[in-house]
Every structure is written in C-alpha cells, then in structure tokens.
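**Student:** Mind looking over this structure? Questions follow.
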Amino acid sequence: MQLQEYSNEDRIGMMYAIEEAKKAEAILEVPIGAVVMKDGIVIGKGHNLRETQLDPTAHAEMVAIREASKFLKAWRLVGCTLYVTLEPCPMCAGAIIQSRIERVVYGTTDPKAGCAGTLMNLLQEPRFNHETAFTAGVLQEECAELLTQFFRRLRNKPKTD
C-alpha cells in the first residue's frame with residue numbers, strides 16, 4: 001500500500017476513532033472505532049457492537065453514521081468526514097455512499113473485506129450516484145496493533161468447557 005500524506009486534522013480525527021475502538025475492546029468487541037466530523041467537530045461516534053447487540057449491522061461506521069444523522073437531523077451527511085480505524089466493508093461502504101459522506105479516512109486495510117481500495121473500491125465506483133474521496137494509512141500502526149493484540153489475546157485465552 002502506498003503511504004499518503006495526511007493532515008493534523010486527520011491525525012486528530014483518527015485519534016478519536018482509536019478512542020472508540022478501545023471502548024469496543026473494553027466490552028470484548030473487535031476493536032474498531034469510527035467518528036464523523038463536520039467543520040472540525042465530532043457529530044457522530046461509534047464502535048463495534050455486533051456481539052453486544054447481536055446485530056450484524058452494528059459496525060462502528062454504521063453506529064457513527066446513525067448518530068451523525070440524528071445530530072444533523074438529516075440523512076445526507078454532506079461536508080462530513082468519516083474516520084475509521086479499519087477499512088470499510090461492503091455494507092459500510094454502501095452506507096457511506098448513501099449518506100453522501102464527502103471523505104473517508106481509515107487507519108489500516110482489511111484484506112478480507114476492504115472496499116476502499118483493497119478488494120475493490122466501492123467508494124469511488126463511477127456507476128453510483130455519489131463518490132467519496134478517501135485517505136488510507138492514517139495512524140496505520142496504532143490501528144493495526146489494536147486488532148493484532150485483540151486477536152492474539154483471543155487465541156491465547158484458555159478454553160472453558
């Protein structure tokens with residue numbers, strides 16, 4: 001993956017997303033976090049809640065998008081940036097497109113489900129009615145380490161009958 005230049009605002013946004021990922025980890029969810037920002041203000045935040053809510057759609061991005069939409073009282077998140085620790089999956093990429101988010105900034109790639117350049121690039125598919133710009137690799141090492149450590153602990157956890 002080619003490293004890209006990113007701004008201090010991108011670093012700050014990703015730090016907020018990392019805080020959300022740590023909240024997921026604290027409740028034994030996969031540590032993925034997301035925030036939606038508009039004009040430098042966090043208007044939506046979320047972390048993975050699939051296990052907690054028994055909901056396959058409770059990805060960090062989906063939770064953050066829902067909260068941002070409630071904040072703006074609109075489903076169109078025009079002028080917003082989504083910061084997420086892991087590259088969006090197909091479902092989340094679809095929600096990003098449908099919500100008209102202007103830009104996505106993600107930390108680390110997802111080789112199994114990444115749809116912002118890894119497996120495919122749904123965010124910039126020209127046949128859709130909206131395209132979303134993205135920046136990859138912001139605080140990549142920190143984001144990847146959260147996931148690596150979580151799954152390492154999970155594998156080393158003693159089995160209980």
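The values are calculated or read from the model by the stated rules, or taken from the named source; none is laboratory data. What you see is a predicted model, and the numbers here were worked out from it, not measured in a lab. No Cβ is skipped: glycine too gets one built from the backbone with ideal geometry, and neighbour counts run over all protein chains shown. Calculation scope for accessible area: heavy atoms of the full protein, side chains included, ligands and nucleic acids excluded. Shrake-Rupley method; radii C 1.70, N 1.55, O 1.52, S 1.80 Å.
**Student:** What range in the chain is the longest one free of trypsin sites (Lys or Arg not before Pro) that are in a loop by DSSP and have at most 14 other Cβ atoms within 10 angstrom?
**Tutor:** Details: sites that count: Lys73, Arg76, Lys112, Arg127, Lys159.
In short, 1-72.
**Student:** So, with +1 on the Cβ of K and R and -1 on the Cβ of D and E, and no other charges, what is the size of the charge dipole of the range 117-161 about its Cα centre, to the nearest 20 debye? It would help to have the intermediate numbers written out before the result.
**Tutor:** Working: 6 positive and 6 negative charges, 76 e Å.
Computed charge dipole of the range 117-161: roughly 360 debye.
**Student:** How big is the dipole moment of the range 19-161 about its Cα centre under a simple scheme where the beta carbon of each Lys and Arg is +1, that of each Asp and Glu is -1, and everything else is neutral? Debye, nearest 20, please.
**Tutor:** Its charge dipole is roughly 260 debye.
**Student:** Match the structure shown to one of the listed values (1) 9.7; (2) 11.0; (3) 8.8 of mean projected area of the Cα convex hull in nm², computed from it, and give that label.
**Tutor:** (1)
**Student:** Can you give me the angle between helix 60-72 and the longest principal axis of the chain, using Cα atoms only, in degrees from 0 to 90, rounded to the nearest 10?
**Tutor:** Here the helix axis deviates by roughly 40 degrees.
**Student:** Go through Val35, Val30 and list them by solvent-accessible area, largest first, probe radius 1.4 Å.
**Tutor:** These residues rank, largest area first, as Val30, Val35.
**Student:** To test your reading of the geometry: what angle, between 0 and 90 degrees and rounded to tens, separates the Cα axis of helix 140-156 from the longest principal axis of the chain?
**Tutor:** Between the helix axis and the principal axis of the chain, the angle is about 30 degrees.
**Student:** Out of the total accessible area of the range 1-42 (probe 1.4 Å, heavy atoms of protein only), what percent is carbon and sulfur?
**Tutor:** In the range 1-42, the share of accessible area belonging to carbon and sulfur is 53 percent.
**Student:** Could you calculate the contour length gain from Glu19 to Ser7, that is, 0.36 nm times the residue separation minus the distance between their Cα atoms, to one decimal place in nm?
**Tutor:** Taking Glu19 through Ser7 to full extension adds about 2.4 nm, to one decimal.
**Student:** Over the chain, with the other protein chains present, what is the accessible area per residue in square angstrom, probe 1.4 angstrom?
**Tutor:** The answer is 56 Å² per residue.
**Student:** Tell me, what HN-Hα J-couplings in whole Hz come from the Karplus equation 6.51 cos²θ - 1.76 cosθ + 1.60 at θ = phi - 60° for each residue of the range 105-118, using x for Gly and Pro?
**Tutor:** 10, 10, x, 10, 6, 10, x, 9, 8, x, 10, 10, x, 7
**Student:** DSSP beta bridges in the range 1-159, what fraction antiparallel, as a percent rounded to 5? Let's see the in-between values first.
**Tutor:** Details: 12 of 21 bridges.
Bridges in the range 1-159 are about 55 percent antiparallel.
**Student:** Go through the range 36-43 residue by residue and turn each phi into a ³J(HN,Hα) via Karplus (6.51, -1.76, 1.60, θ = phi - 60°); whole Hz please, and just put x for glycine and proline.
**Tutor:** For the range 36-43, the Karplus-derived couplings read 10, 10, 9, 6, x, 10, 6, 10 Hz, x marking Gly and Pro.
**Student:** Give me, ordered by chain and number, the residues 5 or more places off Gly79 or on other chains with an amide H under 5 Å from its own placed amide H.
**Tutor:** Result for Gly79 returns Glu102.
**Student:** If amide H atoms are built 1.01 Å from N in the plane of the peptide, which residues on other chains or at least 5 residues away come under 5 Å of the amide H of Gly33?
**Tutor:** Ala21, Thr85, Leu86
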